[in-house]
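**Student:** Quick one: the structure is below, questions incoming.
The values are calculated or read from the model by the stated rules, or taken from the named source; none is laboratory data. It should be emphasised that the depicted structure is a prediction, and the values quoted were computed from it without experimental measurement. Cβ sites come from the backbone with ideal geometry, for glycine too, and all protein chains shown count toward neighbours.
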Amino acid sequence: MTEICFATNNKNKIAEVSQMLEGKYKLLSLEEIGCLVELPEEQETLEGNSRQKARYVWDNYNVNCFADDTGLEVKALNGAPGVYSARYAGPQRDNNDNIKHLLQNLEGRQDRSAQFRTYITLYLNGQEHQFEGIVTGHITEAWKGDKGFGYDPVFIPDGYSKTFAEMSSEEKNAISHRGKAMQKLIAFLKDL
């Protein structure tokens, strides 16, 4: 079985993606390859951050790997918070603070359309491959639901009447930005 590192230490993410790969690849965490540092995210784009993290692992550990970066882009805020989604309300990276800040910035705005974008960069035998996933929707005026994480309680995807935080993980993963990007990555790996 081929080993590949998912540049995260989130055991839930690793278990979820391992199931999708149906045993063709063994996923390793950063800790399992000996990477105990926080990966750099110094770029101005999601694509750039995804590439920087994956490249860091490849360059420093010589391990096939992939990394993701995700952002919420709100039309009325000129695409913000975007690449700064995790630290929109400050360096503490607090989900509740970020949502409060977002809702304050959208007060009185009619257009609440938004999209989530995920970029995954794969380094496989030194070759780079990127995969993108997008889901469009809008930002609610109030928090709804207690599942998920990040901006899930205030994002309703187009064609649905509930937020990501009101959906089961299976429902969300079937239509989400990360789910779409991951499906493209998995399809690529399965075809090798």
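**Student:** (1) at pLDDT 95 or above; (2) within 17 Å of residue 54 (Cβ to Cβ): which one isn't true of residue 137, the others all being true?
**Tutor:** All conditions are met except number (2).
Every residue, every condition in (1) of a type in the set (Ser, Thr, Tyr); (2) in contact with a helix residue (DSSP H, G or I) (Cβ under 7 Å, 6 or more places away or on another chain); (3) under 19 Å from residue 189 (Cβ atoms); (4) modelled with pLDDT under 90, yes or no:
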{"position": "11", "(1), (2), (3), (4)": "no, no, no, yes"}
{"position": "25", "(1), (2), (3), (4)": "yes, yes, yes, yes"}
{"position": "31", "(1), (2), (3), (4)": "no, no, no, no"}
{"position": "39", "(1), (2), (3), (4)": "no, yes, no, no"}
{"position": "47", "(1), (2), (3), (4)": "no, no, no, no"}
{"position": "52", "(1), (2), (3), (4)": "no, no, no, no"}
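**Student:** Continuing with the same structure: Condition first: surrounded by 22 or more Cβ atoms within 10 Å (Cβ to Cβ), aliphatic (A, V, I, L, M) and within 21 Å of residue 150 (Cα to Cα). Now tell me which residues in segment 47-82 satisfy that.
**Tutor:** Within segment 47-82, 67, 72, 74 qualify.
**Student:** Let me ask something else. Output the residues belonging to segment 60-79 that are touching a strand residue (DSSP E or B) at 6+ places or on another chain (Cβ under 8 Å) and either of a type in the set (Ser, Thr, Tyr) or free of Cβ contacts under 8 Å to residues at least 60 places away in the same chain (or both). Before you say what the answer is, go through the steps one by one.
**Tutor:** Pass one, segment 60-79, residues touching a strand residue (DSSP E or B) at 6+ places or on another chain (Cβ under 8 Å): 61, 63-76, 79.
Scanning segment 60-79 gives 61, 69, 70, 71, 73, 75, 76, 79.
**Student:** Scan segment 83-108 for residues that are crowded, with 18+ Cβ neighbours inside 10 Å and of a type in the set (Ser, Thr, Tyr) and jot them down.
**Tutor:** Matches in segment 83-108: 85, 88.
**Student:** Among the numbered criteria (1) charged (D, E, K, R); (2) surrounded by fewer than 19 Cβ atoms within 10 Å (Cβ to Cβ); (3) within 30 Å of residue 154 (Cα to Cα), which single criterion is violated by residue 32?
**Tutor:** Of the numbered conditions (1) charged (D, E, K, R); (2) surrounded by fewer than 19 Cβ atoms within 10 Å (Cβ to Cβ); (3) within 30 Å of residue 154 (Cα to Cα), the odd one out for residue 32 is (3).
**Student:** Looking only at residues that are under 14 Å from the mean Cα position of the chain (by Cα) and among the hydrophobic types (A, V, I, L, M, F, W, C) in segment 58-101, which one is modelled with the lowest pLDDT?
**Tutor:** This residue is 86.
**Student:** Given the structure, is residue 123 out of contact with any Gly (no Cβ under 8 Å at 6 or more places or on another chain) and among the aromatic types (Phe, Trp, Tyr)?
**Tutor:** Yes; evaluated as a whole, the condition is true for this residue.
**Student:** So, one more: If I go through segment 80-93 residue by residue, how many of them are part of a loop (DSSP other than H, G, I, E, B) and either under 17 Å from residue 50 (Cβ atoms) or touching a residue at least 12 places away in the same chain (Cβ under 8 Å) (or both)?
**Tutor:** The total comes to 5.
**Student:** Filtering segment 114-132 down to residues that are under 16 Å from residue 85 (Cα atoms) and within 14 Å of the chain's Cα centre (by Cα), which residue is surrounded by the fewest Cβ atoms within 10 Å (Cβ to Cβ)?
**Tutor:** Selected residue: 115.
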